[in-house]
Amino acid sequence: MKILQHLRQKRPLIHCITNYVTVNDVANALLSVGASPVMADDESEVGEITAISNALLINIGTLNSRTISSMIKSAKKANELKIPIVFDPVGVGASTLRNETAFRLLEQVNFTLIRANASEISFLTSKTGGARGVDASENELGKDILEHINAAKILAKKYNCVVAVSGKTDIIVDEKQTKLCNNGSPMMANITGSGCMLGAVMAAFLGASDDKFEAALKAVCTFGISGEMAAEKTIANNAANATFRTNFIDALSFVDDDILNKRAKILSH
Amino acid sequence: MKILQHLRQKRPLIHCITNYVTVNDVANALLSVGASPVMADDESEVGEITAISNALLINIGTLNSRTISSMIKSAKKANELKIPIVFDPVGVGASTLRNETAFRLLEQVNFTLIRANASEISFLTSKTGGARGVDASENELGKDILEHINAAKILAKKYNCVVAVSGKTDIIVDEKQTKLCNNGSPMMANITGSGCMLGAVMAAFLGASDDKFEAALKAVCTFGISGEMAAEKTIANNAANATFRTNFIDALSFVDDDILNKRAKILSH
Amino acid sequence: MKILQHLRQKRPLIHCITNYVTVNDVANALLSVGASPVMADDESEVGEITAISNALLINIGTLNSRTISSMIKSAKKANELKIPIVFDPVGVGASTLRNETAFRLLEQVNFTLIRANASEISFLTSKTGGARGVDASENELGKDILEHINAAKILAKKYNCVVAVSGKTDIIVDEKQTKLCNNGSPMMANITGSGCMLGAVMAAFLGASDDKFEAALKAVCTFGISGEMAAEKTIANNAANATFRTNFIDALSFVDDDILNKRAKILSH
């Protein structure tokens, strides 16, 4: 299956209700991977925008009362039209507003995929623990990986969706399957927006594929491989974070199915 | 006439009410071309900010009820003070809110210039057809160019303004004149914000010139030439979208009147 | 004292309520210097987010009624918990809303540091004069430096805080001390966000240090040295503004205590 070729032929339109910190990176990441972004968050238009899209991304990074209503409305429309939805519960655990919004969304909406870092997944599973900031620690998936797989499995069963846990090793689970992906670079944690862009890229893959688990897995690998390619180029040029960001968005357009198949480091669990 | 030299001497202040996706690119594009950006969108201050500016940009890319009121107020102040206004009806055709807002603005405000892609211009002219996403297709101005010129002419007459249609060939019309510009690069469609930056750069030229048609035409050429220069550098370095974005904003500061006069590919129609 | 090493070990969490134009640069600048950003501006969560942070940044670049309430609430929480606050009164002097908001904040909140350009400081001191745009003119601190020191001193005494005036020569004062820093590059005025990033980097230093004046001074030097390093690299590559921006954020991660001590150009006054 040539998943990237198909994505680029279909050029899915991805409706993003996302935070204003990384929204430009999200749009450019979508364009680079071969999708088309549309950002709209006013309650009076989100239903129409979702209706013409191939997937919806909901990211609560800078949520507020105005956009929360839009998220709910948009997600219900997506459910009605069977449009896949990615939920990125950025910073859940850090405030009551984030916690209440995340659970309100999870109760009222059927998400296709939840993407988060380990502390966010852990919070959603346990309702305890607190996220510190919104950037993933490079090591948070090291020794505790079994615990994180378990937490992801609980969420996947409870909400009947795919769950992706981002970290040094990425975890992708649904009710039946567990896969690990070992692609990626520590440099991805040095820029803002890595997680947000991944959520968007996963929405692009979901918007172009019928097999949701396979789409999620290949999206994570594509993203990690792009990180590796960008890190190689950045290090070779003695550059750092901002250069890596540029190289990373470039790399998302360089990865094709051949590179994906050759470089993907997927483990079954 | 040394239009770029004059712009850089005058350093016009451009008040932008624009979307949060590409606002940073818009600000940096204005600085690179030689203007000064100011972003303000609260209804209680936009009148004052417009009043000290040399031009106003209204871009509805991520409009909401709060900012729509600000757009109206700001534009009326600009009309009162005879400050030129660029209108960028991003995504018009895609939702009722965008359509109603665009026509409300067109009825209540005298715009100096409308800048849009072909599907948006077509929608404004016909009130039919639907924009798909907000990024211009590279080919949308190929064979249908006569139709697009016609649509732009209708708008230009109806609203007594300059109309610029962006695409592979750019079209600039007013009631009396039609010019085509063949500068640019397909890479401009690979990043978000090309259209938004062009709207802002056109506002900068309008804010520094008395001849509105000439300003619009030279802004489009300057922008397209910058795209060509950036594409050459990007391809020479085997890089892609994000590198192109960086090279493009750099190039806006490299284009001077000599380069503009040498490289501009203008056709009269 | 190894101030940068200590900052990077502590990795302070910086809560930013800032404008949507440069928020991405602010986040990436914080990550590059070694801090962790968190952006949140909804009134119902800002108290909780401030409470888990090591410093708070309030930047009024694109203020609106919703975020002004959040700024007040957040700042009062920071005062209550003795968390340092940086105030960046972007564009004060340009509108009644900005003026009223700035003075309302100054009256209700104890800021640790005010960072601004000379025209903004001048306005705050005199309540006269008008900011033109929000980007610092390269020369505004040339011959008038004594006047700017005096204005900063008045503010520092009145509000019992450190005051930093950005320009060709940076001024850092409190009630007792005056230091000048001559690091930096004219290229910093060619991009949007230089001032905003500096405010954030100062918050990072304050969040990791007990000596507030020393933290402010070293933050300004670190920032200026990064500008010099980035300018050298940009010029060597015949590049311009956008490349400088990338090189600048890279450079923030390259500066260490050795480089800081060697390159800092500090003058006592």
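The values are calculated or read from the model by the stated rules, or taken from the named source; none is laboratory data. In this text, all values refer to a predicted model and were calculated from it rather than measured experimentally. Every residue, glycine among them, receives a Cβ derived from its backbone with ideal geometry; neighbour counts consider all protein chains shown. Accessible surface is based on the protein model in full, side chains and every heavy atom, while ligands, DNA and RNA are left aside. Shrake-Rupley method; radii C 1.70, N 1.55, O 1.52, S 1.80 Å.
Worth a mention:
- Candidates C:Ser126, C:Ser70, C:Ser253: whichever shows maximal mean-square fluctuation once chain C is modelled as a Gaussian network with Cα springs under 10 Å: C:Ser126
- GNM flexibility winner over chain C from C:Thr62, C:Thr18, C:Thr112 (Cα, springs under 10 Å): C:Thr62
- Out-of-range pairs (alpha-carbon distance over 21 Å; input B:Lys179/B:Lys262; B:Lys179/B:Lys218; B:Lys77/B:Lys127; C:Lys2/C:Lys233; C:Lys2/C:Lys158; B:Lys2/B:Lys212): B:Lys77/B:Lys127; C:Lys2/C:Lys233; C:Lys2/C:Lys158
- Accessible surface buried upon A-B contact (total; probe 1.4 Å; Å², nearest 100): 2300 Å²
- Among the residues of C:97-105, the average count of other protein chain beta-carbon atoms within 10 Å of the residue beta-carbon is 2.
- 15 Å tail of the calculated P(r), the range C:228-269, as % of Cα pairs: 47 percent
- Sorted shortest first, the separations between the C:Phe254 label point and its copies elsewhere in the assembly read 2.1, 2.1 nm; each point sits 7 Å from Cα along the Cα-to-Cβ line.
- Across the copies of the chain, B:Asn182 has label points (7 Å from Cα along Cα→Cβ) spaced 5.5, 5.5 nm apart, shortest distance listed first.
- Under 12 Å, Cβ to Cβ, from A:Pro84 - net charge with Lys/Arg +1 and Asp/Glu -1: 0
- One residue of chain A places its C-beta nearer than any other to the axis carrying A onto B; that residue and its whole-Å distance are A:Tyr20, 3.
- Set of aspartates and glutamates near A:Lys176 by C-alpha distance (under 16 Å), chain-local residues within fewer than 8 positions excluded: A:Asp211, A:Glu214
- Computed per residue of chain A from DSSP H runs no shorter than four, each worth -39500 (n - 2.57), the mean residue ellipticity at 222 nm is -16500 deg cm²/dmol.
- For the protein assembly as shown, the solvent-accessible area of protein heavy atoms averages 34 Å² per residue (probe radius 1.4 Å; ligands and nucleic acids excluded).
- Exercise: per-residue mean of other protein chain Cβ atoms within 10 Å, B:184-191: 1
- P(r) weight above 31 Å for chain A, C-alpha pairs, percent: 16 percent
- Vicinal HN-Hα couplings computed from phi for the range B:73-83 (Karplus, 6.51 cos²θ - 1.76 cosθ + 1.60; Hz; Gly/Pro x): 4, 4, 5, 5, 4, 4, 4, 4, 9, 6, 8
- Binned Cα-Cα distances of the range A:201-246, short to long, each 10 Å bin given as a whole percent: 28, 35, 25, 11, 0
- Across chain A, the relative contact order, built from alpha-carbon pairs under 8 Å that are at least six residues apart, equals 20 percent.
- Residues whose amide H lies under 5 Å from that of A:Thr178, counting only those 5 or more places away or on a different chain, are A:His269; hydrogens are built 1.01 Å from N in the peptide plane.
- Considering only Cα atoms, the convex hull volume of the range B:28-68 works out to 75 Å³ per residue.
- Distance between the C-alpha centres of the range C:22-44 and the range B:239-266: 31 Å, rounded to the whole angstrom.
- In this rough spin-label picture, where each label sits 7 Å from Cα along the Cβ direction, the B:Asp256-C:Ser69 distance is 5.3 nm.
- The mean count of C-beta atoms from other chains within 10 Å of the C-beta of residues in C:16-27, rounded to a whole number, is 6.
- Atom-type composition of the exposed protein surface of the range B:1-104 places 50 percent of the accessible area on carbon and sulfur (1.4 angstrom probe).
- Two-site FRET efficiency, C:Lys158 against A:Lys158, from Cβ-Cβ distance with R₀ of 41 Å, rounded to 0.05: 0.15
- Each 10 Å bin from zero up to the one holding the largest Cα-Cα distance in the range B:57-113 carries the following percent of pairs: 25, 60, 14, 1.
- Across the copies of the chain, C:Ser126 has label points (7 Å from Cα along Cα→Cβ) spaced 5.9, 5.9 nm apart, shortest distance listed first.
- Calculated on the Cα set of the protein assembly as shown, radius of gyration then Dmax: 25.1, 72 Å.
- For the range A:159-267, the equivalent ellipsoid built from the Cα gyration tensor has semi-axes of 24, 13, 12 Å, listed from largest to smallest.
- Shape annotation for the range C:1-99: C-alpha extents along the principal axes are 43, 26, 22 Å, from largest to smallest.
- Of all the options C:Ser122, C:Ser65, C:Ser32, the one that moves most in a Gaussian network model of chain C with Cα springs shorter than 10 angstrom is C:Ser65.
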